[in-house]
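Taken together, the values in this text are just the output of simple stated rules run on the coordinates, not laboratory data. Everything numeric in this text was worked out from a predicted model, so none of it was measured. Glycine gets a Cβ as well: all are built from the backbone with ideal geometry, and neighbour counts include every protein chain shown.
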Amino acid sequence: MGSVVIIGGGPAGLMAAETVVAAGVDVAVYDAMPSVGRKFLLAGKGGLNLTHSEPMESFLSRYGTRRTFIEPAITSFPPMALRAWAYELGVETFVGTSGRIFPADLKAAPLLRVWLRRLRQNGVRFHVRHRWRGWDEKGRLRFLTAEGIALVQADAVVLALGGGSWPQLGSDAGWVKILSERHVPIAPLKPANCGFDVRWSEHFRARFAGYPVKTVALVVNTVDGSTIRHMGEFVITANGVEGGIIYMVSAAVRDVITAEGMATIRLDLAPDRTVKQLAHDLSRPRGKRTVATHLKRCAGIAGVKAGLLREAVQNDVLVDPARLAASIKALPLTLTAPRPIEEAISTAGGLSFEALDANLMVRSLPGVFCAGEMLDWEAPTGGYLLTACLATGRLAGDKAAQWSKTHVMR
């Protein structure tokens, strides 16, 4: 019959296990943490974003330069198939106003609970508190447990060990050293969907850390000379900026910082008004009103937006209607560094697709398949991360099951 071991109990690993057991192959899941799906649960605390409803061409474009490698997995398990899979678990989904798809109750825990129940009923075995330590001289998998080293033999293995973000939940990138020692090519891990440092003044930091900046447009020039523009919101932090549209441009900003040492984005604080309209309105006599009151009345700029304006421009600009209007429409903000990878939502880099065959098997390690965030791809938040993890897990599990049936250990 064959046997498959899945190492990693996140979405990719669980989907691989589901696919393997459906193929009639014995399967066990091993995870270093006391329970599986921990990052999945935390990601769902703000509303579990399963996937996205946009047209497939647009959807696939979110994977950038790695689209060619990730596309086969996603086209074999597209967003509509993911919704159908959730429905089979008894989880209704809906399309939000942004096009994102969520469970009806917005929660991750109920979905994970019923999924694990079905996996166990179908024969999937789980071994937690088993930290993978590579292979022994006989090719057996080595796991560090509370009782010492456990050795496990399998006909095929699926590695679904995650990237390096949120290591406290299990994705600590410990696999990088193991595979590097086997000369498997690995691109350095980098933060993705991350925040960035800004050198705020002490006054601005103390006053506005934690405040959301709502309904702005953000523009960034990429290293290849193109321009990216997104409308939305983000959050001021004590160290800089994060969330929303910052995550959407994080890959481009990170690459500019790598190339140039820093990146300057431009914020349109009044995206519903033109420079001409703003200049006209700001030219009205101020009388005895303060600059702050004038800004609020004539341009709708107050609170954290006014704070950003004062942080970025000189005082003489604030009393010059034309220059002030231009600043409101294109306020420069310099980002100096991405936040540490441990704080990022996800990671870029990882096991190189060039090291894999079309079945997601490591060419130099026959019978070892890989899936999920440990692969060298990235995508913005919006359901793209989870969709790709589930899709690559499904593909790797299917191919591992096929391999195990034809390469049973003697």
Quiz item: Going by average Cβ neighbours within 10 Å, how do the peptides 176-189, 103-116, 364-377 rank, with the highest at the top?
Solution: 364-377, 103-116, 176-189
Exercise. Step through the residues of segment 279-290 one at a time and calculate ³J(HN,Hα) from phi using the Karplus curve (6.51 cos²θ - 1.76 cosθ + 1.60, θ = phi - 60°), rounding each to whole Hz and writing x for Gly and Pro.
Key: 4, 5, 5, 6, 7, 4, x, 7, x, 8, 5, 6
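Would you mind putting 33-41, 56-64, 247-255 in packing order, based on average other-beta-carbon counts within 10 Å, highest first?
Values: 33-41: 19.4, 56-64: 15.6, 247-255: 22.3.
Highest-to-lowest ranking by the protection proxy: 247-255, 33-41, 56-64.
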Self-check item: Hz values of 3J(HN,Hα) by residue in segment 38-43 - Karplus curve (6.51, -1.76, 1.60), Gly and Pro given as x
Solution: 5, 5, 4, 5, 5, 4
Quiz item: 222 nm [θ] for the chain, helices only, -39500 (n - 2.57) per DSSP H run of 4+, per residue, to 500?
Solution: -10500 deg cm²/dmol
Practice problem: Compute the relative contact order of the chain as a whole-number percentage, counting only Cα pairs closer than 8 Å that sit 6 or more residues apart in sequence. | Solution: 26 percent
Quiz item: If you bin the C-alpha pair distances of the chain every 20 Å from 0, what whole percents do you get?
Solution: 26, 48, 21, 5, 0
Quiz item: Residues with amide H under 5 Å of Lys107's amide H, sequence separation 5 or more or different chain, H placed in the peptide plane at 1.01 Å from N; which?
Solution: Leu48
Quiz prompt | Cα-Cα pairs of segment 196-338 separated by more than 22 Å (percent) | solution = 38 percent
